[in-house]
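Heads up, the thing below is written out as structure tokens.
The values are calculated or read from the model by the stated rules, or taken from the named source; none is laboratory data. Quantities reported herein were computed from a predicted structural model and do not represent experimental measurements. With ideal geometry, Cβ positions are generated from the backbone for all residues, glycine too; neighbour counts draw on all protein chains shown. With ligands, DNA and RNA removed, areas are computed over all heavy atoms of the protein, side chains included. Shrake-Rupley method; radii C 1.70, N 1.55, O 1.52, S 1.80 Å.
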Amino acid sequence: MYVSGEIQIVPIGPDVSFTKYIAKVKSILDASDLQHTMHDSGTNFQGDYALVARVVQECMQSVMDNGAPRVLCYLKLGARTDKDYAKEPPAAEKVKNYLDNQQGC
């Protein structure tokens, strides 16, 4: 099953800087086959559900392996049968294209 969604990973512990945790998460996402876009409050992605589950597990484990005693993971998933996510551009790209085309109207 192909899904799209958003993940937000929150390390909990004495280290208040998220940089080292998120840098490792980014490297895991970059090495995966997930189409993804990071932003200030999470990461949007598209990909096969089994791959998403594996990547989420790797990301959470990396945060704990990097010293966080706890990790919270907020995960939103969506799937649909009326469109093929794999062939659709991400929503942000579709909105940008729409806005770009409105400039000439």
Accessible area per residue for segment 3-105 in Å², computed with a 1.4 Å probe and the full protein assembly in place, what is it?
65 Å²
Under 10 Å, Cα contacts only: if you run a Gaussian network model on the chain, which one of Asp82, Asp30, Asp65 comes out with the highest mean-square fluctuation?
Asp82
Among Gln102, Met1, Pro89, the residue whose Cα sits farthest towards the positive end of the charge dipole of the chain, when +1 is placed on the Cβ of each Lys and Arg and -1 on the Cβ of each Asp and Glu, is Met1
Out of the total accessible area of the chain (probe 1.4 Å, heavy atoms of protein only), what percent is carbon and sulfur?
54 percent
